[in-house]
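Visitor: Pasting a structure here, questions to come.
The values are calculated or read from the model by the stated rules, or taken from the named source; none is laboratory data. Keep in mind that what you see is a predicted model, and the values were worked out from it rather than measured. Here the Cβ positions follow ideal geometry from the backbone for every residue, glycine too, while neighbour counts run over all protein chains shown.
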Amino acid sequence: MPKFLEKVRAAGIDSSALCPFDPLVPKEREANLEWRKWLTECAEDPEDRGYLVDACRRDLRFFINSFLWIKQEEPRPKDLPFILWSRQSEYVDLLCETRKAVAEDETGSVRGDIVSDKPRRIGWSWLNLAEGLHVVRFTPGATGIIGSRVAEDVDKPGSSKTLFWKLDYFIEYLPVWLWPNEYWHKRLGHPVPSMKYRSTFKLIVPGGGVMLGGTTQSNFARSGGFAWMMLDEFAHVDRGQAGMGDRVWSGTQPCRLRRALSTPAGRANKFARLRFSKDSSVKRFTVKWSDDPAKTVGIYTLTVPMAIGPITLEPGELWSPFMESARAGDDTDALFAQEMLLSYEGIGGMFYDAMMPRVKLQVKDPIWRGNVKLTEDPRRPRVLRLEEDRQGFLEVWEPWGDGYVWPSAPMIMAADVASGSRDREGRGASNSVLVFGRIEGQKLIKMAQYMTHGLMPHLFARIACALGWCFPITVTRSSSTFPAFGIWELQGPGEFFGNTLTGELSYPNYYVELTKSGMKHIGFHMGLYRQPDGTMAGSKVNVFNEHKQWLQEGWYEEPSFDTYREMEQYKYTEDAGPQHVAVKTALDPSLGRANHGDSVIATVLMVWAAKEMREQGVSRDIEADPPPGTLAFYHKERRHRTAGAWPVSRGTGAWR
């Protein structure tokens, strides 16, 4: 008799249970590894192999605990057997219950949606993806879809941060007999996924189902019916895009198995409303940091109250060395309370608060300050001369080159454009700002900043054009010279500014968004930008968080006192986004409810452009070396061989 079948019969399992085979699986790590080795021996018998495949099909917990592996990123990268802890097992049972209820319903009225709030770094995305993999592996014809707020979180070749990378990881570490052979083809003697079955945002299981991916925007999952859906970090979809969560949730209604999971982000979003709704058709599940055994090492109970941001832990509540360390590493207690203690009270506080002491030390006096005089050429404005003035609009932190032109390098010009309206005293209600930066190795250096007020966008475009040519880029292959790469906020007066700069003034080097249909949109939409494949993604907080990261990592230092003072005035909004405190009192009618920290916005755009230039080249992911001879080892070697270098410039007109 086959060995696995013999063990099943000896155990007297309850075949009617949701997870009938999982009681056979040892949960202690060493015993579990021995169990997996024993299963490998069993699988040498074709008959036993068939029983094992059937057990995986019928029992999601058995599939995970017996065959899936997970990548541990902290404290050091390590491949570990995926062994469910108690609260994870409870969640898997809920997943199975909802799937069973939907499968048995013939009326189409039963729903299996689940909303789960969780702390960060808890492995919850891995767990939900395990269910998604199970659906498409064992349900012929089923189509699933996974989404997150930006495309780069969903799928990006070579990036271990993406959801599809986790699916690929699951598959690479499965026994070869548990995955269809047709999925693989040989490359240089090694099996790799066939492009027929694995492409960006798409994974096809031969004889099974299909998993698609996308960004959680207005058109997400509207292309067809889906058997299963995962909405990752769903609370953050509304950041900078009010109402987007409602549009995504209503638009995905035809799918009856939706898994919306997220850390909290205040109450002003669809995820929070679902979490606290009394709608019985949506199941709710909460996992806490104390449910994860890895975070409870040295756990103890508090003896005195502990205030953390907007909440207070009372005596008798749990705490651990891990939580103390995580709290010390966060920007603010309010952020820690939100993302680790599941506070829905919003972050509050100042957006850049934790890093302001460091930024203050970076501020330095400009080596030159003054104004620029332009040539009168209506089509090709250039800098005619500079006039030093202690109250001038242009600040410079690096020596001018000959003829007011710096040596060629990867240069960026970023702009935040005001409408040019003035108050009764003749002063502009907000500033128009240009910042100029140079990429030098891993770092971005701000070289100059031009800040004026009350200037109409078409006139400001002339200054941008003239100064842009002072920061040249030479394209290596053609030896052609172009002005600094331009990027500006598309909304409001930015559109008028961009049309003048690129049309009337023929500025040749700028950010362009290309749609799938080939249409061009000149300029950058900070609140809703477009990915290289044409899909919409992102939100304003993502762009601002990139700026925070560059400051934190030391990739960028802020020399401008004006920018530093504006950074002091940025606060967290209720949905954890950034907002200048003067937003509601701005006189400029073009601003409406937009941010009022003009030089900060220009600087943030400059950092974002530098980030995109970086991502065009070598991946920065750091992964542990997998065992030699495995598919994972070969894939990493291939990525390293094919990685290129950072581009020096993009040359003409279309960044995308």
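Visitor: If Glu314 satisfies all but one of (1) under 16 Å from Pro119 (Cβ atoms); (2) in contact with a Leu (Cβ under 9 Å, 6 or more places away or on another chain), what's the number of the condition it fails?
Guide: For Glu314, the failing item is (1).
Okay, residues lined up against (1) within 19 Å of Ala151 (Cα to Cα); (2) touching a residue at least 40 places away in the same chain (Cβ under 8 Å):
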| residue | (1), (2) |
| --- | --- |
| Asp238 | yes, yes |
| Gly243 | no, no |
| Arg247 | yes, no |
| Ala268 | no, yes |
| Leu274 | no, yes |
| Ser280 | no, no |
| Lys283 | no, yes |
| Ser290 | no, no |
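Visitor: Follow-up. Output the residue which, of all residues in the range 221-274 that are polar (S, T, N, Q) and touching a helix residue (DSSP H, G or I) at 6+ places or on another chain (Cβ under 7 Å), is surrounded by the fewest Cβ atoms within 10 Å (Cβ to Cβ). Before you say what the answer is, go through the steps one by one.
Guide: Here is the first cut: in the range 221-274, the ones polar (S, T, N, Q) are 223, 241, 250, 252-253, 262-263, 269.
Within this subset, residues satisfying the condition of being touching a helix residue (DSSP H, G or I) at 6+ places or on another chain (Cβ under 7 Å) are 262-263, 269.
Details: Ser262: 26, Thr263: 21, Asn269: 28.
Top of the filtered list is Thr263.
Visitor: When the residues of the range 485-520 are filtered to those that are at pLDDT below 75 and not basic (Lys, Arg), which remaining residue is nearest to the chain's Cα centre (by Cα)?
Guide: Glu513
Visitor: Further question: Looking only at the range 196-245, how many residues end up being of a type in the set (Asp, Glu) and at negative phi?
Guide: Here the count works out to 2.
Visitor: Regarding the range 53-61, can at least one residue be identified that is loosely packed, with under 14 Cβ neighbours inside 10 Å and either touching an Asp or Glu at 6+ places or on another chain (Cβ under 9 Å) or under 18 Å from Lys100 (Cα atoms) (or both)?
Guide: yes
Visitor: Within the range 164-183, how many residues turn out to be more than 21 Å from Leu129 (Cα to Cα) and either buried (at least 19 other Cβ atoms within 10 Å of the Cβ) or hydrophobic (A, V, I, L, M, F, W, C) (or both)?
Guide: Counting residues in the range 164-183 that are more than 21 Å from Leu129 (Cα to Cα) and either buried (at least 19 other Cβ atoms within 10 Å of the Cβ) or hydrophobic (A, V, I, L, M, F, W, C) (or both) gives 0.
Visitor: Is at least one residue of the range 277-284 hydrophobic (A, V, I, L, M, F, W, C) and surrounded by 23 or more Cβ atoms within 10 Å (Cβ to Cβ)?
Guide: no
Visitor: Okay, next question. Before we move on, is Thr139 under 25 Å from Lys295 (Cβ atoms), surrounded by 16 or more Cβ atoms within 10 Å (Cβ to Cβ) and of a type in the set (Val, Ile, Thr)? Can you show your working first?
Guide: Working: under 25 Å from Lys295 (Cβ atoms): no; surrounded by 16 or more Cβ atoms within 10 Å (Cβ to Cβ): yes; of a type in the set (Val, Ile, Thr): yes.
Criteria not met by Thr139.
Visitor: Kindly list the number of the only condition in (1) at pLDDT below 95; (2) in contact with a helix residue (DSSP H, G or I) (Cβ under 9 Å, 6 or more places away or on another chain) that fails for Ile83.
Guide: Of everything listed in (1) at pLDDT below 95; (2) in contact with a helix residue (DSSP H, G or I) (Cβ under 9 Å, 6 or more places away or on another chain), Ile83 misses just condition (1).
Visitor: Hey, any hits in the range 102-112 for a residue that's modelled with pLDDT of 95 or more, buried (at least 20 other Cβ atoms within 10 Å of the Cβ) and out of contact with any Lys or Arg (no Cβ under 6 Å at 6 or more places or on another chain)?
Guide: No, the range 102-112 has no match at all.
Visitor: Looking at the range 250-266, which of its residues are part of a loop (DSSP other than H, G, I, E, B) and either within 19 Å of Ile146 (Cα to Cα) or in contact with a Phe, Trp or Tyr (Cβ under 7 Å, 6 or more places away or on another chain) (or both)?
Guide: The first filter runs over the range 250-266 and keeps only residues part of a loop (DSSP other than H, G, I, E, B), leaving 252-257, 263-266.
Of everything in the range 250-266, those that are part of a loop (DSSP other than H, G, I, E, B) and either within 19 Å of Ile146 (Cα to Cα) or in contact with a Phe, Trp or Tyr (Cβ under 7 Å, 6 or more places away or on another chain) (or both) turn out to be Thr252, Gln253, Pro254, Cys255, Arg256, Leu257, Thr263, Pro264, Gly266.
Visitor: Among the residues of the range 184-201, is there at least one that is in contact (Cβ under 8 Å) with a residue 12 or more places away in the chain, in contact with a Gly (Cβ under 9 Å, 6 or more places away or on another chain) and over 30 Å from Lys540 (Cβ atoms)?
Guide: Looking for residues that are in contact (Cβ under 8 Å) with a residue 12 or more places away in the chain, in contact with a Gly (Cβ under 9 Å, 6 or more places away or on another chain) and over 30 Å from Lys540 (Cβ atoms), one finds none in the range 184-201, hence no.
Visitor: Separate question: Restricting to the range 133-145, and then to whatever is within 14 Å of Arg256 (Cα to Cα) and not in a loop (DSSP other than H, G, I, E, B), can you tell me which residue is nearest to the chain's Cα centre (by Cα)?
Guide: Ile145
Visitor: Follow-up. In the set Ser125, Ser148, Ser109, Ser159, which member is within 24 Å of the chain's Cα centre (by Cα) and within 27 Å of Arg58 (Cβ to Cβ)?
Guide: Numbers: Ser148 fails: within 27 Å of Arg58 (Cβ to Cβ); Ser109 fails: within 24 Å of the chain's Cα centre (by Cα); Ser159 fails: within 27 Å of Arg58 (Cβ to Cβ).
Among Ser125, Ser148, Ser109, Ser159, only Ser125 is within 24 Å of the chain's Cα centre (by Cα) and within 27 Å of Arg58 (Cβ to Cβ).
Visitor: Continuing with this model, one more query. Which ones in the range 307-327 are in a helix (DSSP H, G or I) and modelled with pLDDT under 90?
Guide: First pass over the range 307-327, keeping only residues in a helix (DSSP H, G or I): 321-327.
None; the set is empty.
Visitor: Sticking with this structure for a sec: Only one of (1) crowded, with 17+ Cβ neighbours inside 10 Å; (2) within 21 Å of Ile122 (Cα to Cα) fails for Gly329. Which number is that?
Guide: Of everything listed in (1) crowded, with 17+ Cβ neighbours inside 10 Å; (2) within 21 Å of Ile122 (Cα to Cα), Gly329 misses just condition (1).
Visitor: Scan the range 347-381 for residues that are over 20 Å from Ile445 (Cβ atoms) and touching a strand residue (DSSP E or B) at 6+ places or on another chain (Cβ under 7 Å) and report the count.
Guide: The total comes to 12.
Visitor: Separate question: Look through Arg36, Arg49 and report the one residue that is in contact with a strand residue (DSSP E or B) (Cβ under 9 Å, 6 or more places away or on another chain) and not acidic (Asp, Glu). Show your work before the answer.
Guide: Working: Arg49 fails: in contact with a strand residue (DSSP E or B) (Cβ under 9 Å, 6 or more places away or on another chain).
Answer to the selection: Arg36.
Visitor: Looking at the structure I just gave you, is Glu30 within 30 Å of Trp165 (Cβ to Cβ), among the acidic types (Asp, Glu), out of contact with any Pro (no Cβ under 7 Å at 6 or more places or on another chain) and not assigned by TED's automatic domain parsing to the domain that holds Trp124?
Guide: When the stated conditions are applied, Glu30 passes them.
Visitor: Residue check: is Leu231 assigned to a loop (DSSP other than H, G, I, E, B), within 22 Å of Val92 (Cβ to Cβ) and in contact with a strand residue (DSSP E or B) (Cβ under 9 Å, 6 or more places away or on another chain)?
Guide: Details: assigned to a loop (DSSP other than H, G, I, E, B): no; within 22 Å of Val92 (Cβ to Cβ): yes; in contact with a strand residue (DSSP E or B) (Cβ under 9 Å, 6 or more places away or on another chain): yes.
Taking the combined requirement at face value, the residue does not satisfy it.
Visitor: Moving to a separate point now. Take Glu376 and tell me if it is in the same structural domain as Ala415 (by TED's automatic domain parsing), outside any strand (DSSP E or B), charged (D, E, K, R) and closer than 16 Å to Phe561 by Cα.
Guide: no
This table checks each residue for (1) part of a strand (DSSP E or B); (2) modelled with pLDDT under 95; (3) more than 31 Å from the chain's Cα centre (by Cα); (4) surrounded by 22 or more Cβ atoms within 10 Å (Cβ to Cβ).
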site	(1), (2), (3), (4)
Glu387	yes, yes, yes, no
Trp400	no, yes, yes, no
Ala414	yes, no, no, yes
Gly420	no, yes, yes, yes
Leu434	yes, no, no, yes
Cys465	no, no, yes, yes
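Here's the yes/no breakdown for (1) out of contact with any helix residue (DSSP H, G or I) (no Cβ under 7 Å at 6 or more places or on another chain); (2) of a type in the set (D, E, K, R):
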| site | (1), (2) |
| --- | --- |
| Ala31 | yes, no |
| Thr40 | yes, no |
| Glu44 | yes, yes |
| Tyr51 | no, no |
| Arg57 | no, yes |
| Ile64 | no, no |
| Leu68 | no, no |
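Visitor: Please go through the range 289-326 and pick out each residue that is surrounded by 13 or more Cβ atoms within 10 Å (Cβ to Cβ) and either β-branched (Val, Ile, Thr) or within 30 Å of Gln253 (Cβ to Cβ) (or both).
Guide: Scanning the range 289-326 gives Thr296, Ile299, Ile308, Ile311.
Visitor: Somewhere in the range 109-132, is a residue in a helix (DSSP H, G or I), of a type outside the set (Asp, Glu) and out of contact with any Leu (no Cβ under 9 Å at 6 or more places or on another chain)?
Guide: no
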